[in-house]
Amino acid sequence: MALDLHRKYIEKRQDSAPLQVPVKDIINSKYDLDPLELLGERSFNEPREIDESEIGSPIQEFFRDGVIFLTGGTGFMGKVLLEKLLRTCPHIKHIYLLIRSKKGKNVDERLENIFEDRLFKRLKYEVPKYYHKVSGVAGDCSLPGLGLSVSSRNTLIKEVNIIFHGAATVRFDEHIRVAMNINVSGTIELINLAKNMTNLKVVAHISTAFSNCNRLHVDEQFYDPIADYKDILKLVSSTDDQTLQDMTSEIIGNLPNTYSFTKCLAEDVIRREAQDLPILVFRPTVVIGTYREPVRGWIDNVYGPTGIIVGAGTGVLHTYYLDSSIVTNIIPVDIVVNALICAAKETATANVKHDEIPIYTCSSSIQKPIRWNEFIELNKRYGMQWPTIRAIWFYSFWVTKNPFLYAMLNFFCHTVPGYTLDTLAWVSGQKPILMNIYKKIDKVRDILEFFADKEWTFTNDRVLALWDTLNSQDKELFNFDIHQLSWDYFCQAHCLGLRVYLVKDDIHTLPAARKKWEKLHMAHNILLIFMFAIVFCFLWLIVSVPLKLTGLM
């Protein structure tokens, strides 16, 4: 498989170089920034051979001859972790990715698809000989024994010395059976596998800071769960799907969804079952796009703040129910991954007692807090330069925490235009889609309502202390210094990154997109004038009719 991937890489070698795109129609007196330079795609380092005898930084040397087992490697954070390890740790021996067949694609096809993502362009250019270091292993975290074959299991037990366990279902409305099977049973099965590995150095279990979101102040410690995971597993195994669905709100108690609930139970699994393993729990807050590497602004999902920014930027989303004065608790994914890598090395090499499993919380809300209104305004300021050709209307977005005002805005900004445009689409023979989008938005809003008006404090003392243990070389290679984080810098490339990497709207369409944006702006202003005129006439009627009836006019 590795040879096949390498052969295909050689055939596409010219595509992996920094992009050479004509910019005469993109950069002008009005728009003076090169989008690819802003994203970092014009500043890749030249490839070079690194001799085996070359000594790297302490963290690079920790991963020398490392054989890594990575679950969740096909997901958002997993791909960034995979890219970082392959690009920055040249003496890694091998990485095994746990991959399940999906949508008719087998493990090899899905592994190949991972590296087709634009996220890996820098890796392909700077470290061209990396394919032989990666293999896919057929498996599934929701199955007994992780769904591994006997031969695959034996290979992992014999060779692996570092584990990153990131596989999870992150859907907030996931059925509790599915969430328990993946997030809890999968963790149990991974621990059982790890206990058989004779050369194991460390296991990094990726959790979430919101595993204890029924508390507004969360420290880097274990908390007693609201239920015993063994009892819930017995309940799930003996109860049908519909009954479980009906019981879910009672089962999860004061936690808002099955995701937080099962991640909470998974942490309890670690505390109770993994005391004899060199293991850590890593809790990031809301993980968003890349800050600096391998490129700026990369992301592949619309969860959390990303969906709001994309929806508003494409002219689909015009209002949202949210207290915009609260802190967002967001953190860029490359900062998270760098901290995770360093935490794994620290746990493996530090003198930590087995009964003191370290917990690392990666958050920005204490050192570099940013409120929703500030984040939205920064994205608006910088995002206007990079409109997408896929926009259906000009930017007009209002956030409110007043439920009555939100209901009114939602009706006039979403429901009325949604039904109107869908009717026009139906009459013209096209497929109506807008109201389906708004119904999905309403569903997401209902799911996230718990988070709309709450503000959490997540202490991150252990991550801050971890940064102070690094030497200057590792601080350069694995930067996660929260104190240096600039949200202004992040937002400069955020919307452009969403446009290019998530919406898949290449920069070649920018000239046409900007012309369309100007037309949409004009149409938006005309509509506002029309609406204000209607409101004025309506108010005039309300005032003038009584005056005429009383003879005062």
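If you take the residues of region 394-433 that are over 30 Å from the mean Cα position of the chain (by Cα) and of a type in the set (V, I, T), which of them is farthest from F450 (Cα to Cα)? Ranking the qualifying residues of region 394-433, first place goes to V427. You will find that of Y303, Y291, the residue that is of a type in the set (F, W, Y), touching a Phe, Trp or Tyr at 6+ places or on another chain (Cβ under 9 Å) and open to solvent by 20 Å² or more (accessible area, probe 1.4 Å) is Y303 and no other. Listed by position, the helices (runs of 4 or more DSSP H) contained in region 149-218 that have at least 1 residues being in contact with a Cys (Cβ under 6 Å, 6 or more places away or on another chain) are 186-194. Residue check: I50 meets all listed conditions (1) modelled with pLDDT under 90; (2) in a helix (DSSP H, G or I) but one, namely (2). Against the numbered list (1) in contact with an Asp or Glu (Cβ under 8 Å, 6 or more places away or on another chain); (2) surrounded by fewer than 19 Cβ atoms within 10 Å (Cβ to Cβ), L123 comes up short only at (2).
Give region 508-529 a look and list any residue that's over 13 Å from G315 (Cβ atoms), of a type outside the set (S, T, N, Q) and either open to solvent by less than 70 Å² (accessible area, probe 1.4 Å) or in contact with a strand residue (DSSP E or B) (Cβ under 7 Å, 6 or more places away or on another chain) (or both), or say none.
Correct list: L510, P511, A512, R514, L528.
Just to be sure before I move on: is L496 farther than 24 Å from I366 by Cα, touching a Gly at 6+ places or on another chain (Cβ under 7 Å) and in contact (Cβ under 8 Å) with a residue 60 or more places away in the chain in the structure I sent? So L496 passes the test. Evaluating R153 against the criteria (1) within 29 Å of C362 (Cβ to Cβ); (2) modelled with pLDDT of 95 or more; (3) in contact with a Leu (Cβ under 8 Å, 6 or more places away or on another chain) leaves one unmet condition, (1). Please determine whether any residue of region 70-86 is open to solvent by 20 Å² or more (accessible area, probe 1.4 Å), at pLDDT below 95, touching a Lys or Arg at 6+ places or on another chain (Cβ under 8 Å) and small (G, A, S). No. Taking residues in region 24-53 that are in contact (Cβ under 8 Å) with a residue 12 or more places away in the chain and within 17 Å of K124 (Cα to Cα), and partners anywhere that are surrounded by fewer than 13 Cβ atoms within 10 Å (Cβ to Cβ) and of a type in the set (K, R), not one pair has Cβ atoms closer than 8 Å while being at least 6 places apart or on different chains.
Among the residues of region 10-44, those identified as polar (S, T, N, Q), surrounded by fewer than 16 Cβ atoms within 10 Å (Cβ to Cβ) and at pLDDT below 50 are Q14, Q20. Filtered by the rule that a residue be at pLDDT below 95 and part of a helix (DSSP H, G or I), region 448-467 gives E449, F450, F451.
Restricting attention to region 494-537, the residues being under 30 Å from V333 (Cβ atoms) and of a type in the set (S, T, N, Q) number 1. Tallying residues that are over 23 Å from I182 (Cβ atoms), open to solvent by 30 Å² or more (accessible area, probe 1.4 Å) and either in contact with a Phe, Trp or Tyr (Cβ under 9 Å, 6 or more places away or on another chain) or free of Cβ contacts under 8 Å to residues at least 24 places away in the same chain (or both) within region 94-117 yields 1.
Out of everything in region 232-282 that is among the basic types (K, R) and surrounded by fewer than 21 Cβ atoms within 10 Å (Cβ to Cβ), what residue ends up being nearest to L216 (Cα to Cα)? Looking at residues that are among the basic types (K, R) and surrounded by fewer than 21 Cβ atoms within 10 Å (Cβ to Cβ), I get R271. Counting residues in region 90-97 that are in contact with a Ser or Thr (Cβ under 9 Å, 6 or more places away or on another chain), basic (K, R), in a loop (DSSP other than H, G, I, E, B) and under 18 Å from V137 (Cα atoms) gives zero. Check region 488-507 and report whether any residue there is among the hydroxyl-bearing types (S, T, Y), surrounded by fewer than 15 Cβ atoms within 10 Å (Cβ to Cβ) and not in a helix (DSSP H, G or I). Within region 488-507, none of the residues are among the hydroxyl-bearing types (S, T, Y), surrounded by fewer than 15 Cβ atoms within 10 Å (Cβ to Cβ) and not in a helix (DSSP H, G or I). Within region 468-487, the set of residues being of a type in the set (D, E, K, R) and part of a helix (DSSP H, G or I) comprises D468, D474, K475, E476. Looking at I226, is it in a helix (DSSP H, G or I) and either touching a residue at least 12 places away in the same chain (Cβ under 8 Å) or among the small types (G, A, S) (or both)? No.
Scoring V134 on the criteria (1) buried (at least 23 other Cβ atoms within 10 Å of the Cβ); (2) closer than 21 Å to Y229 by Cβ leaves a single failure, condition (2). Take the conditions (1) modelled with pLDDT of 95 or more; (2) open to solvent by less than 10 Å² (accessible area, probe 1.4 Å); Q60 misses just one of them, which is (2). Of the candidates N192, N183, N161, the single residue that is open to solvent by less than 70 Å² (accessible area, probe 1.4 Å) and either touching a strand residue (DSSP E or B) at 6+ places or on another chain (Cβ under 6 Å) or more than 28 Å from L111 (Cβ to Cβ) (or both) is N161. Taking region 81-108 as the range and being out of contact with any helix residue (DSSP H, G or I) (no Cβ under 9 Å at 6 or more places or on another chain) and among the β-branched types (V, I, T) as the test, only V107 passes. Looking at T388, T328, T306, just one residue is β-branched (V, I, T), touching a residue at least 60 places away in the same chain (Cβ under 8 Å) and touching a helix residue (DSSP H, G or I) at 6+ places or on another chain (Cβ under 6 Å), and that residue is T388.
The values are calculated or read from the model by the stated rules, or taken from the named source; none is laboratory data. Note that the structure is a prediction, hence the values are computed from the model and not measured. Heads up, the Cβs are rebuilt from the backbone with ideal geometry, glycines too, and the neighbour counts pull from every protein chain shown. In case anyone asks, the SASA skips ligands and DNA or RNA and just uses the protein heavy atoms, side chains included. Shrake-Rupley method; radii C 1.70, N 1.55, O 1.52, S 1.80 Å.
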